[in-house]
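The values are calculated or read from the model by the stated rules, or taken from the named source; none is laboratory data. Note that the structure is predicted; figures quoted are calculated from it, not measured. Note: ideal-geometry Cβ built from the backbone for every residue, glycine included; neighbour counts use all protein chains shown. Areas reflect the complete protein model, heavy atoms only, side chains present, ligands, DNA and RNA absent. Shrake-Rupley method; radii C 1.70, N 1.55, O 1.52, S 1.80 Å.
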Amino acid sequence: MSTAKKEYKRVTVKSLTEMKSAGEKISMLTAYDYTMAKIIDNAGIDVILVGDSASNVMAGHETTLPITLDQMIYHASSVVRGVQRALVVVDLPFGSYQSDPKEALRSAIRIMKESGGHTVKLEGGSEVKESIKRILNAGIPVMGHLGLTPQSIYKFGTYTVRAKEEAEAEKLVEDAKALERWGCFALVLEKVPASLAQKVAEQLTIPVIGIGAGSGVDGQVLVSHDMFGMTHEFNPRFLRRYLNLYEDMGGAVAQYITDVKSIDFPNDDEQY
Ligand code: KIV
């Protein structure tokens with residue numbers, strides 16, 4: 001059997017299913033702006049998520065709840081302009097899909113039309129069944145999101161690991177199967193025990209992408225600002241930082257200040 005990795009000129013929802021079948025893990029990172037999206041896409045990421053975590057890392061809110069549909073469209077359209085290969089998934093923000101399925105469809109259509117994103121993602125299982133079905137019926141691919149769902153933080157009360165108790169784990173497995181049955185193309189599982197996440201990934205044919213869900217799933221996602229070390233106060237066990245940009249950028253700014261104050265910058269070569 002050949003182990004050669006299939007090259008994708010453009011990653012689609014179908015490519016992700018193929019990757020799962022071939023046992024190739026899916027890489028996914030968030031981006032919220034053109035420049036970051038361009039860097040991440042050019043490096044060969046499979047999926048870029050325009051996450052509502054923009055509410056935290058771009059706007060400085062404590063939760064993901066305040067970000068609006070208009071703001072998500074702004075971020076997503078900036079990202080789309082920087083992407084040539086990756087599949088672009090856009091989060092439906094809190095309040096744009098929970099109240100009624102028609103509103104959910106209108107929100108999803110706005111994202112697709114106004115940002116050029118390729119799919120939407122939304123949080124929840126059976127509670128948002130009708131909204132998911134309505135969006136899927138319009139031909140818009142939907143990625144599910146179960147486990148820790150930050151839009152429900154005030155219901156949970158904490159950001160601790162979800163589905164440790166049997167009843168919650170059973171509901172999660174049922175919801176995951178239902179999302180597949182309704183036609184979702186993939187699923188994010190956030191902060192759940194690794195053994196449970198692996199069980200879900202094994203039982204589904206659609207890809208399961210984990211964040212804090214162990215290595216037995218079909219792919220991994222991280223918030224890029226965390227992964228680059230631009231944030232430094234958020235230190236969950238699942239986070240691996242690949243750079244320490246908080247310190248590196250701070251150091252660069254300090255050096256710039258020194259150079260400006262000492263009239264070292266600009267030098268003779270840096271002026272007209
Ligand atoms: O908004 C986001 O960044 C997310 C990821 C944590 C999966 O939903």
Go through the residues of region 1-19 one by one and say whether even a single one is exposed (fewer than 15 other Cβ atoms within 10 Å of the Cβ) and within 16 Å of the ligand (Cβ to nearest atom). no
Note down all Cβ pairs under 7 Å where the first residue falls in region 214-240 and is within 17 Å of ALA197 (Cβ to Cβ), the second is open to solvent by less than 20 Å² (accessible area, probe 1.4 Å) and part of a loop (DSSP other than H, G, I, E, B), and they're at least six residues apart or on different chains. ASP218/PRO207; GLY219/PRO207
Does TYR32 qualify as being not assigned by TED's automatic domain parsing to the domain that holds PRO150, not in a helix (DSSP H, G or I) and not basic (Lys, Arg)? no
Looking only at residues that are within 16 Å of the ligand (Cβ to nearest atom) and not aliphatic (A, V, I, L, M) in region 84-106, which one is nearest to LEU49 (Cα to Cα)? ASP91
Specify which of the listed residues (HIS61, HIS75) is open to solvent by 40 Å² or more (accessible area, probe 1.4 Å) and either at pLDDT 95 or above or within 13 Å of the ligand (Cβ to nearest atom) (or both). HIS61
Would you mind finding the one in ILE45, ILE40 that is under 17 Å from the mean Cα position of the chain (by Cα), more than 11 Å from the ligand (Cβ to nearest atom) and assigned to a helix (DSSP H, G or I)? ILE40
Tell me, yes or no, whether region 122-129 has at least one residue that is in the same structural domain as LEU87 (by TED's automatic domain parsing), within 15 Å of the chain's Cα centre (by Cα) and of a type in the set (Asp, Glu). yes
Any residue at all in region 79-87 that is in a loop (DSSP other than H, G, I, E, B), aliphatic (A, V, I, L, M), in the same structural domain as LYS133 (by TED's automatic domain parsing) and open to solvent by 60 Å² or more (accessible area, probe 1.4 Å)? no
Listed residues ASP218, ASP226; which is under 30 Å from LYS129 (Cβ atoms), within 19 Å of the chain's Cα centre (by Cα) and within 15 Å of the ligand (Cβ to nearest atom)? ASP218
Selection from region 190-213 of residues over 21 Å from THR17 (Cβ atoms) and either open to solvent by less than 20 Å² (accessible area, probe 1.4 Å) or in a loop (DSSP other than H, G, I, E, B) (or both) yields LYS191, VAL192, PRO193, LEU196, GLY212
All but one of (1) open to solvent by 10 Å² or more (accessible area, probe 1.4 Å); (2) within 11 Å of the ligand (Cβ to nearest atom); (3) in contact (Cβ under 8 Å) with a residue 40 or more places away in the chain; (4) not aliphatic (A, V, I, L, M) hold for GLU123; state the number of the condition that does not hold. (3)
